[in-house]
């Protein structure tokens, strides 16, 4: 047995050895070289490869065409499906749990090809939401509180806030952001549009957006930028530009870019446009959003200048809101807060209307004046409705009366009212409302204040009251109620929580009668003030910035000013009290031509040649009627009564060549400042400004070559300048950054003359030269030591006229009405006159003198017969001398400057007596505005209506007519007596 096992083991080992040991290799034979492939075989391979490549390219193109066709078909079907969903009967069927759920999820998109994630999870999410909404018809209270609270205010800039907070997410598309919105976020509606935006905020945001794109500012947020430009946004001095630390902070420029490159930004602007309405061309005012294109440097300058105004605007907004909350939260038992506002007019509607009424002008409008009454214990809402569409102060207080009666009857402890409103100048922030406010407080024995929100802001509860009432009224119309008048409107709101009351036209007329009895003086800086306090009938205390300080307290930043609204004593016109020997302004004839300046302002005049032709006609009228101005009048502060301009006194230069102390006086700043200054120099008042402007235009047209001649312009000039005309062209508003040849300078001069024909248009150095020739006296152009020193070298100088009839030099100073400029960037925009305190002695001068003779004046292009005609005449223009010895009735100046009525062509005319002799009076008359029965008049502007009247034509003396708006009203009883005297 053992032997058998051993043999088997050996056999297996032998077999295993044979398997692992390979057999012996055969002996290798001699190597035979392989033959090279023939050229024909390689050529066939290349051709085959090219055919395959061409086939692949063709197949790829076919696949691309198929993909494009499939994509188009997919888009077509998607649009078709979207339209079907939009017009689906689901939107018209009655609400059920299922239809409500489908409506909420109608814009849910389960497919998202741009974002990574599981589509299955998104489908599950939709199914889960669908299941939840199927059995729960509304969102949970937690979701409502979280996502519905003040959603209109908090959610409008959600996309922008999302991108700011999630900078690591590359999502930038608003479309994708909208598609991925949660189901509780609803699509925007028409009511979500912001249609009450603030113009200043919008324009400032446009500037910031452009600067942000150019990398000149680090943030688009206006609130963040204000903090950058201010030390403390709650400090009045910082926000009003009075802080020494932050008032010089300016925009940081980007040195890497070229600031001269052009850029563009949007701006809201108000412009006038002419339209043809029923055959008549009318000028209308439009508010448009325009694209402004200019250099980056101009954009930065605009931003810097607007930022200072915007800081004031932002501070006023926050301050007024803070004051509103403070008053509301701290009302005493005897106080009440009354915010008021006009709601948008309600358009009357009927349930069933014919087509002509629906699309025509047959629908009436109703005025809604809403207010809320807050006391320490409760609040109540009110609304007055009227068929009258007046929104003036008379209607405001007619609407307020019944509400105040009801409130004071129910709250007998209230004796102090805090009114709050926005600040439109036609409704609340104006002198008429201020006077009626003091009247109501006096009649009701109350005390109170009126605060104004900043312009464009302050939408509070009264706006919500108006909106709720109009929505309810629209619902009533849909349910069969017709609202066609204020009466029907009130009848339908008898069960409303808002107390609705009707006001008729008679109540508004009654308030108008109260207002018409007084001559109301406007409050200086009305548009800037934000708070007024009642201080007796016709008297108010006012502040530019509201605060909760004690009434009447005076402290830094919130100084309170006092103003009397009623002119109880007629002010003596000291500006008209000048002696006859000082004034040579004498018109020997009726100066009743009103077409002079109106002709130059005609819109039909488009070229300089047309102006020249009109000037010829106007000059012919002046020459025929003998209208002249005086040359030897010496105005002073004492004999004119003009106030000293204290602000300009601080920049008065010390290098003025004068023998007496000169003081800057106040001149109206409405664009007519240079004509006003000329009028003061010849008459002591601003009343001749229109005539002075016309004479400046005539002078500039007839003697153009003189004012472009170097020899004429350099007379009286001590500095060296080889081309003064070119220098003056640089300073012109018509200069457009272009090369100036002699021809271009002449065309620029003509454009400037064309521009100054418009009333209230600012003038320049050429017009100062023309004014000197009009007045026939030297003028010293005074320029402060501010701004560019090279400009001062050219403009601080003596100006000699073409012809001298008065040796006394007059002084006109360049100044500005702005207060936000640095010394190095100072530029003028205003002219004033420098006058001595007392009258100076007149220098004797020969009236027959031909004046200054210069070859440049008689140069080419100036007609010899024109030279000297503008201001000279063949007869003596001196005024009569008057004495106080009693021989001459006109010797006593108390008989002058009285208002009288004269009979001219069987019609009475009021006017002021400026001169008289034994048998005649010289009177400056007003012109009538309406029919003979209405004693309403105005002063003619272009040419004064002055002439001599016989004593028998003088009907009698009258008080000074009252100024009401733009018109002067004569006492009605005296006017009736005058008409009866003429009839007799």
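Here are a few things to note about the model shown:
- None of 449, 518 is touching a strand residue (DSSP E or B) at 6+ places or on another chain (Cβ under 9 Å), more than 25 Å from residue 372 (Cβ to Cβ) and in contact (Cβ under 8 Å) with a residue 24 or more places away in the chain except 518.
- Residue in region 705-726 that is within 34 Å of the chain's Cα centre (by Cα), in a helix (DSSP H, G or I) and either at positive phi or surrounded by 23 or more Cβ atoms within 10 Å (Cβ to Cβ) (or both) present: no
- Condition met for residue 695 (under 35 Å from the mean Cα position of the chain (by Cα) and either in the same structural domain as residue 770 (by TED's automatic domain parsing) or within 23 Å of residue 796 (Cα to Cα) (or both)): yes
- A single member of 6, 99 is touching a helix residue (DSSP H, G or I) at 6+ places or on another chain (Cβ under 9 Å) and at pLDDT 75 or above, and it is 99.
- Region 739-756, subset part of a loop (DSSP other than H, G, I, E, B) and out of contact with any helix residue (DSSP H, G or I) (no Cβ under 7 Å at 6 or more places or on another chain), residue nearest to residue 609 (Cα to Cα): 741
- Residue 587 surrounded by 14 or more Cβ atoms within 10 Å (Cβ to Cβ), modelled with pLDDT under 65 and assigned by TED's automatic domain parsing to the domain that holds residue 399: no
- The strands (runs of 3 or more DSSP E) falling completely within region 898-984 that include 1 or more residues that are free of Cβ contacts under 8 Å to residues at least 40 places away in the same chain map to 907-916, 920-925, 936-938, 945-950, 967-969.
- Within region 450-476, tally of residues that are more than 30 Å from residue 417 (Cβ to Cβ) and buried (at least 16 other Cβ atoms within 10 Å of the Cβ): 1
- So residue 692, is it more than 16 Å from residue 776 (Cβ to Cβ) and in a helix (DSSP H, G or I): no
- Here the helices (runs of 4 or more DSSP H) wholly within region 427-503 that include at least 2 residues being more than 30 Å from residue 358 (Cα to Cα) are 431-443.
- Single residue of 790, 785, 759 found to be modelled with pLDDT of 85 or more, assigned by TED's automatic domain parsing to the domain that holds residue 733, in a loop (DSSP other than H, G, I, E, B) and surrounded by fewer than 19 Cβ atoms within 10 Å (Cβ to Cβ): 785
- The condition (being surrounded by 13 or more Cβ atoms within 10 Å (Cβ to Cβ) and within 15 Å of the chain's Cα centre (by Cα)) is satisfied by just one residue among 297, 313: 313.
- Residue within region 199-209 that is in a loop (DSSP other than H, G, I, E, B) and farther than 24 Å from residue 825 by Cα present: no
- Some residue of region 882-890 being at negative phi and at pLDDT 75 or above: no
- Close pairs from region 202-217: first closer than 12 Å to residue 302 by Cα and not assigned by TED's automatic domain parsing to the domain that holds residue 261, partner modelled with pLDDT of 90 or more and in a helix (DSSP H, G or I), Cβ under 6 Å, at least 6 apart: none
- Taken over region 456-507, residues that are under 30 Å from residue 320 (Cα atoms) and touching a helix residue (DSSP H, G or I) at 6+ places or on another chain (Cβ under 8 Å) amount to 8.
- Of all residues in region 711-727, exactly one satisfies the criterion of being in contact (Cβ under 8 Å) with a residue 60 or more places away in the chain and within 23 Å of residue 612 (Cα to Cα), namely 712.
- Selection from region 622-637 of residues that are assigned to a helix (DSSP H, G or I), within 25 Å of residue 677 (Cβ to Cβ) and modelled with pLDDT under 75: 622
- Counting only strands (runs of 3 or more DSSP E) that sit wholly inside region 321-421, those with at least 3 residues that are more than 22 Å from residue 492 (Cβ to Cβ) and in the same structural domain as residue 442 (by TED's automatic domain parsing) are 335-342, 416-421.
Yes/no per residue for (1) surrounded by fewer than 18 Cβ atoms within 10 Å (Cβ to Cβ); (2) in contact (Cβ under 8 Å) with a residue 12 or more places away in the chain; (3) within 24 Å of residue 468 (Cα to Cα):
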residue	(1), (2), (3)
379	yes, no, yes
388	no, yes, yes
394	no, yes, no
398	no, yes, yes
413	yes, yes, no
420	no, yes, yes
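- Residue ID - nearest to residue 463 (Cα to Cα), chosen from residues in region 180-201 that are free of Cβ contacts under 8 Å to residues at least 12 places away in the same chain and more than 26 Å from the chain's Cα centre (by Cα): 191
The values are calculated or read from the model by the stated rules, or taken from the named source; none is laboratory data. All values derive from a computational prediction rather than experimental measurement. Note that we place each Cβ from the backbone using ideal geometry, even for glycine, and neighbour counts take in every protein chain shown.
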